[in-house]
């Protein structure tokens, strides 16, 4: 029991105080030793009799009935919801934060290519192997391209004589029936091997078979076409043969031009000119696209090795050519026999063309000069040329035949629309080889 300090004789001394404190300490120590501090040492109670307290097993059971959604978070969201946990579970290990478009592209480029499964290496689902390289494609197209220009193709497509329109109601020679229309019309026809009952025919006239046979055998009523040798009164010519025979004839109102073969003058040994007398020379300015000609013939067969004309007044970029034409039965120039190359009329002086051509004795030819511009040439005066017509009443003799043909297209294959004029003609020199 605690001891208390009372009044002591002679007062309270330190020794008394110390002694009392030591005694009290001993009593407190003994009291503490007597206390039961372990719950298991308490009498009358077993372990875990207080079910309101959690142990490990009970805590696990309780947590199994709860999710993070049941936890109070306060002002800050510290826990994941069920949907957030599901999203998080789908993220692979090592995944980074949100990427930019550039970062995604850079990542894709590391796996792009054939077999990657990306459409980046395909065009409309096809790989490059399905397409021709640009150069190869151009070569392939070129290898199969024709020679016709777009303009020629357009002209061909627009030509109604080569492309017929389908017109089931058409009746002209330039229209076609469709297949269905043809089938429809044939459906009402009999085959070529069909047989008619003679007694069923109507509107056949009164002639008997014998009369018809006699008529068919009558050569005076039925004429044979014989283009090869037919000349009798019982034979006929076909239309095409008649046209071919008429093509070499003139109209009833045609006129004739009297042309006597003109022998060229001999300038010197082996050199011939188109003049027939010694009249003084002159000059002649050309006209663009004009072609003009005079007749020549030779007293013997000879070979011309070269020819020349002289430019006295040059024109920038001017050209010219000399050509030889055959003579028609009318005496006028006809088909082209040969032509020089383009001669330079942009400078003055002699312009020579070298080529070998044999001219036959007694044959009338036409020497022609074709102009591209207005360059001036040395010329034979009209009075020095052969007169092609005989004018009445003292008019001028016509000495030159002229026509018009585009110079850039070459010498015309046939002399174009000749007209007679009284004029001088370029001085052409022919050199026999």
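Read-outs: derived from the displayed coordinates by stated rules, not from any lab. This is a predicted model, so every value here is computed, not measured. Cβ placement follows ideal geometry from the backbone for every residue including glycine, while neighbour counts extend to all protein chains displayed.
How do 150, 370, 222 rank when sorted from fewest to most other Cβ atoms within 10 Å of their own Cβ? Present the calculation step by step, with values, prior to reporting the outcome.
Numbers: 150 7, 370 26, 222 10.
Sorted ascending by nearby Cβ count, the order is 150, 222, 370.
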- Residues 325, 361 in order from fewest to most other beta-carbon atoms within 10 Å are 361, 325
- Hey, what's the Cα Rg ratio for the stretch 342-433 versus the globular rule of thumb, 2.2 N^0.38 Å? 1.23
- Task: With a bin width of 10 angstrom, please list the P(r) values of the stretch 319-392 as percents of all Cα-Cα pairs, from the 0 bin to the one holding the largest distance.
- Result: 15, 40, 36, 9, 0
- Compute the FRET efficiency between residue 147 and residue 223 as 1/(1 + (r/R0)^6), taking r as their Cβ-Cβ distance and R0 = 56 Å, and round to the nearest 0.05. 0.70
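Test of understanding: ordering 338, 237 by Cβ neighbours within 10 Å, fewest first, what list do you get? Please report the intermediate quantities before stating the final value.
Numbers: 338 12, 237 15.
Lowest to highest Cβ neighbour count: 338, 237.
Assuming a viscosity of 1.567 mPa s and a temperature of 4 °C, what translational diffusion coefficient in µm² per second does Stokes-Einstein assign to the stretch 265-432, Rh being the Kirkwood radius over Cα pairs? Don't jump to the answer; show the numbers that get you there.
On the way: Rh = 15.9 Å.
Stokes-Einstein gives a translational diffusion coefficient of 81 µm²/s.
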